[in-house]
Each structure stands twice: as structure tokens, then as C-alpha cells.
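Values quoted throughout were computed directly from the atomic coordinates according to the rules given, and no laboratory measurement underlies them. The shown structure was predicted, so the numbers you read here are calculated from the model rather than taken from an experiment. No Cβ is skipped: glycine too gets one built from the backbone with ideal geometry, and neighbour counts run over all protein chains shown.
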Amino acid sequence: MGGVISLIFFPRQTGGFGWILLVAGIILVFLSGGVFLKPTSLWNFLVAFGAIAVGYKLLFTRSFRF
């Protein structure tokens, strides 16, 4: 989630680091095997969390730069 947050809220400062955190988190989830998201996939979870974070930012700043 740190990667998603850094990519949405701090794209210029921590853009590359955000991608590294995101990829590392996905790899760790698959390697651990202890997390089972049966009703939804990891991709859907990341998209939903990103949508919540973007909505929160839009609510308080009234703008979002892609």
C-alpha cells in the first residue's frame, strides 16, 4: 500500500521508489502464500485501494495530476 500511496500523493518525489515498493509487495504476497483473497484478486484490491486514495485526494485538494 505504501507504493500506491507514494505514486498517488508524491509522484514526482517518490515515483521510482513507489514502483519498487509496489512490485516488492506483490512479490512478497506471492512468496508468502499466507494471504488468500478469495472473493477478489490482488489486482482488483490494488485498483480499489488506488481509487479510494485518488478519491480522498480529490476530496481535499480538488485536483489530481496524472
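Couple of notes before you dig in:
- Estimated from helical segments only, the mean residue ellipticity of the chain at 222 nm is -25500 deg cm²/dmol, where each DSSP H run of four or more residues counts as -39500 (n - 2.57).
- Angle between the chain longest axis and helix 11-32 axis [Cα atoms, degrees, rounded to 10]: 20 degrees
- Largest GNM mean-square fluctuation among 30, 49, 17, using the chain with Cα springs under 10 Å: 30.
- Virtual spin-label span in nm between residue 10 and residue 48, 7 Å along Cα→Cβ: 2.7 nm
- Among (1) 12.7, 42; (2) 10.1, 28; (3) 13.1, 39, the entry derived from the coordinates for Rg and Dmax of the Cα atoms in Å: (3)
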